[in-house]
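Notes for the one structure printed next.
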């Protein structure tokens, strides 16, 4: 019990350090709101009028909102790993590795900090949805489910980002790989169209894409009606949780390599 308490305490300490970084650049929250606003105000409006995507009777803008939320979280989380490259150059990583803090606590703490930073997008998307007249389930339980899925999904992709940073080790390569990965992850998901519209090979990729399960769960919690969560919320959460455990195990093993 003492070891478990110590692990959680150190994890929360690392997460708190990550969250405090927002104090140095509070404008980051405002700039991150631009992209989802463009997707909903421009792409969403155009596609709604075009009626080109069959969403099973659900208004396209309603269908799109959970996908844009997940996309915003993905774009924040996938670049979270660059922080350890900066910390390596400043000598901070060496101090972490010399401390008795477990490697897994370092990884989970950074992922949790990235997840909390991504929660700002929930507020942005919900405000935009309200202004655009999107029907959203506002019950406390539904909003709690949205927060949990955003946090869990952000931690998955933040940890994946840490693995990339440990492998490439330079900011330039990291940014290039991050930009290459975000679009395939996004388009090979059910963010802007149902998986039923995809060709068979893309459906297979979508079914192993954690983003698909995050969006599926978000639709179940956010939307009061329509063909949502065909995969099942329990499966969505299970896939994200198992993905996180696997990625944390790999990242904790690779973390010391960042200094080599």
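The values are calculated or read from the model by the stated rules, or taken from the named source; none is laboratory data. This structure is a prediction, so every number in the text was calculated from the model and none was measured. For neighbour counting, all protein chains shown are included, and Cβ atoms are generated from backbone atoms with ideal geometry for every residue, glycine included.
Within the set of pairs 6+ apart or on separate chains, which have a first residue in region 63-79 that is without any contact (Cβ under 8 Å) to a residue 60 or more places away in the chain and on the phi < 0 side of the Ramachandran plot, a second that is surrounded by fewer than 24 Cβ atoms within 10 Å (Cβ to Cβ) and in a helix (DSSP H, G or I), and C-beta atoms under 8 Å apart?
Every condition considered, the pairs that remain are 72/32; 72/35; 72/36; 72/124.
Restrict the check to region 105-123 and report whether at least one residue is more than 15 Å from the chain's Cα centre (by Cα) and not in a helix (DSSP H, G or I).
No, region 105-123 contains no residue that is more than 15 Å from the chain's Cα centre (by Cα) and not in a helix (DSSP H, G or I).
On the given criteria, is residue 214 assigned to a helix (DSSP H, G or I) and within 14 Å of the chain's Cα centre (by Cα)?
Spelling it out, residue 214 is indeed assigned to a helix (DSSP H, G or I) and within 14 Å of the chain's Cα centre (by Cα).
Taking region 162-181 only, how many residues are out of contact with any helix residue (DSSP H, G or I) (no Cβ under 6 Å at 6 or more places or on another chain) and part of a helix (DSSP H, G or I)? Don't jump to the end; show me each part of the working.
Of the residues in region 162-181, the ones out of contact with any helix residue (DSSP H, G or I) (no Cβ under 6 Å at 6 or more places or on another chain) are 167, 169-170, 172-173, 175-176, 178-181.
Remaining after also requiring part of a helix (DSSP H, G or I): 167, 172-173, 175-176, 178-181.
Adding up the residues that qualify gives 9.
Which of the residues spanning region 193-211 are touching a residue at least 24 places away in the same chain (Cβ under 8 Å) and within 15 Å of residue 74 (Cβ to Cβ)?
209, 210, 211
Just need a number here: residues in region 7-33 that are modelled with pLDDT under 80 and closer than 29 Å to residue 219 by Cβ.
Residues flagged as modelled with pLDDT under 80 and closer than 29 Å to residue 219 by Cβ within region 7-33 amount to 9.
Among the residues of region 140-148, is any assigned to a loop (DSSP other than H, G, I, E, B), under 29 Å from residue 55 (Cβ atoms), modelled with pLDDT of 90 or more and over 12 Å from the mean Cα position of the chain (by Cα)?
Pass one, region 140-148, residues assigned to a loop (DSSP other than H, G, I, E, B): none.
So far as region 140-148 goes, no, none of its residues is assigned to a loop (DSSP other than H, G, I, E, B), under 29 Å from residue 55 (Cβ atoms), modelled with pLDDT of 90 or more and over 12 Å from the mean Cα position of the chain (by Cα).
Being modelled with pLDDT under 85 and either in contact with a strand residue (DSSP E or B) (Cβ under 9 Å, 6 or more places away or on another chain) or not in a helix (DSSP H, G or I) (or both), is that true of even one residue in region 63-79?
No, that holds for no residue.
In region 134-157, how many residues are closer than 21 Å to residue 251 by Cβ and surrounded by fewer than 16 Cβ atoms within 10 Å (Cβ to Cβ)?
0
One line per residue, one yes/no per condition, for (1) farther than 16 Å from residue 33 by Cα; (2) in contact with a helix residue (DSSP H, G or I) (Cβ under 7 Å, 6 or more places away or on another chain); (3) surrounded by 18 or more Cβ atoms within 10 Å (Cβ to Cβ):
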| position | (1), (2), (3) |
| --- | --- |
| 102 | yes, yes, no |
| 111 | yes, yes, yes |
| 121 | no, yes, yes |
| 132 | no, yes, no |
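Kindly indicate whether residue 160 is surrounded by 15 or more Cβ atoms within 10 Å (Cβ to Cβ) and more than 17 Å from residue 65 (Cα to Cα).
Criteria met by residue 160.
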